[in-house]
1. Tell me, what is the FRET efficiency for residue A:6 and residue A:111 to the nearest 0.05, using R0 = 41 angstrom and their Cβ-Cβ distance as r?
2. Find the cysteines in chain B that fail to meet the 4.7 Å Cβ criterion with every other cysteine, and list them.
3. Please go through the residue pairs A:24/A:210; A:15/A:60; A:15/A:193; A:141/A:210; B:128/B:189; A:60/A:277 and name each one whose alpha carbons sit more than 21 Å apart in this structure.
4. Which value, in debye to the nearest 20, describes the size of the charge dipole of the protein assembly as shown about its Cα centre when Lys and Arg Cβ atoms bear +1, Asp and Glu Cβ atoms bear -1, and nothing else is charged?
5. Quick one: what Rg and Dmax do you get for chain A from the alpha carbons, in Å?
6. What FRET efficiency comes out for the pair residue B:224/residue B:175, r = Cβ-Cβ distance, R0 = 41 Å, nearest 0.05?
7. How much of the pair distance distribution for the range B:121-194 lies past 15 Å, counting alpha-carbon pairs only, in percent?
8. Label residue B:110 and residue B:22 with points 7 Å out from Cα along Cα→Cβ: what is the distance between them in nm?
Amino acid sequence: MKSHYNFAFFDEGSKREIRRATLKAIAIPGYQVPFASREMPIARGWGTGGLQLTLSLIGKEDVLKVIDQGSDESVNAVNIKKLVSHTAGIRSTEETEEATIIQSRHRIPEVPLKSGQILVLQVPMPEPLRVYEPSELETKKLHAEKEYSGAWVMLFEHIMKYGTAATGADHPVMVHNRYVMAPSPIPRFDNPKMDHSKALILLGAGREKKIYAVPPYTRVKSIDFDDSPFRVESFEDKSCRLCGSTGVFMDEIVDDQSGEAVYQCNDTSYCLAQMNKNMPVGGTSNEQV
Amino acid sequence: MNKFEYPVLSIRNLNKQFGPGCNHCQNQKESTLIKNYCPVCGTVYACQDISFDLYPGEILGIVGESGSGKSTLMRCLYFDQEVTSGEAILSTYEHGERNLFQESPQRKRYIRNHLMGKVYQNPLLGLKMDFTSIGNIAEKLISAGSRSVEEMEARGRELLEYVNIPAFRMKEAPKNFSGGMQQRVQIAKALSNRPPILLLDEVTTGLDLSVQASVLDLIKYLQREMNISMVVVSHDLGVIRMLADRSMVMLDGKVIEQGLTDQILEDPQSPYTQQLVHSLL
Ligand SMILES: Nc1ncnc2c1ncn2[C@@H]1O[C@H](COP(=O)(O)OP(=O)(O)OP(=O)(O)O)[C@@H](O)[C@H]1O
Ligand SMILES: [Mg+2]
Ligand SMILES: [Zn+2]
């Protein structure tokens, strides 16, 4: 494919600079490394942090998967995929197992990640203490001194206000017993997938100009109180209306006709794969869902 | 005060300056400063060579005009600011063998969170105005290592009731509260770890007289019931007279007089204190 861009959009110098920041981030798990976030042909806040990581890492042999809130087909995911395959001429996929780089917003795929894979998460707000302490200078000090009371104070506030420790998303984690980190707005359900992950996890914040990382096999613990232990969202007695899966993260959909709540896998490619598996041989496996 | 008791807190030769100083002001400070300020290099000598002892269960008053260095002294004692030089010994910390000012930031945090409480002149500095009142109290408990929601909620409720904030308002943010209530939330927070030492900087300034009286009563009550040692700062000699057994008078960064409060009031020695006492009468 012909393109007037350099391979993977950026010039080699820019990519090298991003990779240097990435290496530093891997060396200090959970620590936010500043980097010179570049201008991108998509607006900041639409995944430019993740995209810059992906572009700096991608090679000719790589296979890319991009998901947005569990979906491979959302406009955002498709645009990002297009930009990368346009400028790098690489192949993309929807299958988690097949991908070497997975860029994602708001989810970690249901299929367990393997060693050798890289998960790139898009981050809107990298500083887990920001609501507690507005000053960057101060939060830097707090990280340096491992002073994380603020993270627990925010969780306590949540419990006082809502009567539950069930945060919506982006529930802070302690990485390698050293840095408290924002896991990006993934549901609590996905937090445990970060713990001792076989895949390398990179997190990029374009607007805030930060890169941080969880290297493979790193201890990642969601913060909690002794008498209010961390719990993931429970879909215990629920199963996906399409593929029948249980024990995965599900979206609640209210049926227009009956007004009843039904559930379906949030991870669309996982759901599709399950449906295909369940199909009898020769069945209509590409039925629209 | 019992002369045979050991002080809980001893401060020796505390100095705090803002600015680098110059030949002019470092050599003969006395003659060259204009109040606390060097006209040549602009350095402010906010606290100069301050020494005092605080005994168990006593209230030590610090009085002085605006700019005399009271808040700076309190900030130094609570490690909000670094001293330029000096020594602080806390009898309950490491057998009173360490100069607190030379401890690491982590140790200083430990001392602050476990052994001291402070009420700021400006409640904006002492409270997270958007967080719940009980969350503000929990902040201090969490900093001191508590990880039990139930315990903290119970303790917070107890303290807020103690300072007369009704239980049904404990989940409200201090920004919705009156000035007097905010100061009482600050006091509840400062008390949460049962610290041996409480630092109070102008707790009643800017409050209505009746509200002032209720806060002063609370402080008196704390001293009686909890036997906490307190340093109480005010530019209002009336407040000091009401609360403090012993007092220091500060002027231009220096302690110009100290002793029993009654004695200072009856027989002020320095011309400045005489003026101050007269204005009270
Ligand atoms: N950060 C700073 N930089 C420079 N000068 C400062 C700083 N903070 C305080 N000062 C100076 O130190 C001196 C003492 O100020 P401080 O706030 O301690 O006075 P105070 O006795 O508490 O007064 P008030 O009664 O008005 O609260 C003042 O001259 C002040 O201008
Ligand atoms: Mg002051
Ligand atoms: Zn000078």
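1. 0.80
2. So, B:47, B:76.
3. Details: A:24/A:210 12 Å; A:15/A:60 15 Å; A:15/A:193 28 Å; A:141/A:210 16 Å; B:128/B:189 11 Å; A:60/A:277 31 Å.
In this structure, A:15/A:193; A:60/A:277 lie more than 21 Å apart at Cα.
4. Magnitude of the dipole: close to 1520 debye.
5. Calculated on Cα positions, Rg and Dmax stand at 19.6, 62 Å.
6. About 0.85, to the nearest 0.05.
7. Above the 15 Å cut-off, the range B:121-194 has 44 percent of its Cα pairs.
8. Once both label points are built, they end up 4.3 nm from each other.
Laboratory data are not the source of any read-out in this text; all were calculated from the coordinates shown. As the structure is a prediction and not an experimental result, all values here were calculated from the model. All Cβ positions, glycine included, derive from the backbone under ideal geometry; neighbour counts span all protein chains shown.
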